[in-house]
Every structure is written in structure tokens, then in C-alpha cells.
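The block underneath contains the structure these notes are about, expressed in C-alpha cells.
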Amino acid sequence: MRLISRYAEAFLEYAKESIGVERALEELKEVKNILRDEPDFKELLENPAINYAEKCGVVDRTFTGGFSQETRNFLKLLLKKGRIEKFHSIAEYARIRYAHGEKVRASLYTSYLMDTRTMETFKGAVEKKLNAKLQLYVNLDPDMLGGVRLVIGNKILDGSVRKRFDDVKRKLLAVRVA
């Protein structure tokens, strides 16, 4: 999965300045659909008996109209590295990761309302750590007792007091008394 995310992030970063993320995502989707709908074409690109130069020629002829040079270069890079079979996964990762534009949706759970300055500082630190812009949704959860829990996709960063109490309880129950 790490390989997939690295290629997707690198392509979108490369394309951001010239064609923009929205167009890059749209082109990834179109290429993914072509590869899905034309299994012979996909097979040709994945065929090890066909050399890299011939495959690049096919990419240039096939994707000239309506596709950017950035997308064609990305396909050629995947061909050169022998990773064209990963294209579907890369396109899906990019689609899911940037489904809401360049911002990643995140839910912040806290037992109390934070002031604006604290919230912005927290958000900035998380964005820097994740190297992504966040669309942050704040939820109050008094059962947490304190601290925060951040949910981003299937990742949970739990710094709540409730979690710490539960961890201590689990450790104490695991200790054997002689």
C-alpha cells in the first residue's frame, strides 16, 4: 500500500502546478476506465515481450487527444519501472484520498470546546505531520473525560484520558500477582 500511495501522491504533486489536482484526478479516472474496458490494451501494456519504447509509442498515440503530458509521462514512468499493473490501485487511492478536493476529511472528538487559537495550532501540527490539508469536523464527547481523538479515514489517533485509563486497566489486569 505504501508504494501505491507514494506514486499517487507524487503524481498529484507533480500535476498540481500545471494541470491541477481536479484535472489530474479526472484523467486518472479516464485512464482507469480505458484499462478496465479494454482488457487487450491493458494486456499489451503489461506484456513483458513488448519493449518499453513500443509501449511509450502506444501511450503517446492513444492518450494524445484530451490527456495531458503529465498523465502520459506518469504512465511511461509506471511502464519504465514495471509497475503499470498497479495503475488501478494508484488511481483508486488518489480518488479516495482527494475525494473532497485537496482536503482530507477528519473528525476530532474532544470532551470540551477548544478556543480558535488552540484548534488552529492543533490542526496545523496534524497537517504538517500528515503532509495534508484537513477538513476538520469537531464533535463533543463528554465520555472521553479529556484529551482528543482524531479519526482520519480508517486511522484513529487516540490521546483521550478515557483511552489512557483503559490502557492502564488492561495492563493492571494482565499483571500476575504471585
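Quick note: the coordinates plus some simple rules give every number you see, no bench work behind them. Remember, predicted model here, so these are calculated numbers, not experimental data. We place every Cβ from the backbone using ideal geometry, glycine too, and count neighbours over all the protein chains shown.
If we count trypsin sites (Lys or Arg not before Pro) as exposed when they sit in a DSSP loop and have at most 11 other beta carbons within 10 Å, what is the longest stretch of the chain that avoids them all? Don't skip to the end; give the middle numbers.
Working: sites that count: Lys81, Arg176.
The reported range is 82-175.
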Quiz item: Expressed as a rounded percentage, what relative contact order does the range 2-97 have, with Cα pairs under 8 Å and six or more residues apart?
Solution: 45
Practice problem: Please go through the residue pairs Lys123/Lys155; Lys81/Lys128; Lys103/Lys169 and name each one whose alpha carbons sit more than 26 Å apart in this structure. | Solution: Lys81/Lys128; Lys103/Lys169
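With a/c under 1.5 counting as rounded, go ahead and sort the range 1-43 into rounded, prolate or oblate using the C-alpha gyration tensor (a ≥ b ≥ c being the square roots of the eigenvalues; past the cut-off, prolate if a/b is larger than b/c, else oblate).
Details: a/c = 3.21, a/b = 1.50, b/c = 2.14.
Since a/c reaches 1.5 but b/c is at least a/b, the shape of the range 1-43 is classed as oblate.
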Self-check item: Whole-number percent relative contact order across the range 103-174, with pairs defined as alpha carbons under 8 Å at least 6 apart
Solution: 39
Exercise. For Tyr52 and Ile96, calculate 0.36 nm times their separation in residues minus their Cα-Cα distance, and state this gained length in nm to one decimal.
Key: 12.8 nm
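Give me the number: length gained by fully extending Asp166 to Glu120, i.e. 0.36 nm times residue separation minus the C-alpha to C-alpha distance, one decimal in nm.
Numbers: separation 46, 0.36 × 46 = 16.56 nm, distance 2.87 nm.
Taking Asp166 through Glu120 to full extension adds about 13.7 nm, to one decimal.
Give me the percent relative contact order of the chain, please, defined on Cα pairs under 8 angstrom at least 6 residues apart. Show your work: numbers first, answer last.
On the way: 167 pairs, mean separation 34.2, N = 178.
Relative CO of the chain lands at 19 percent.
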Practice problem: State, to one decimal in nm, how far the label point of Glu17 lies from the label point of Lys81, with both points 7 Å from Cα in the Cβ direction. | Solution: 1.9
Quiz item: Could you give P(r) for the range 103-174, binned at 10 Å from zero, as whole percent values over all Cα-Cα pairs?
Solution: 19, 48, 25, 8, 0
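Can you compute the helix-only [θ] at 222 nm over the chain? Use -39500 (n - 2.57) per DSSP H run of at least 4 residues, normalise by all residues, nearest 500 deg cm²/dmol. Mind showing how you got there, number by number?
Working: 8 runs with 103 residues, N = 178.
Per the formula, -18500 deg cm²/dmol.
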Quiz item: Which one, [x] 15.5; [y] 16.4; [z] 9.7, gives mean projected area of the Cα convex hull in nm² as derived from the coordinates shown?
Solution: [x]
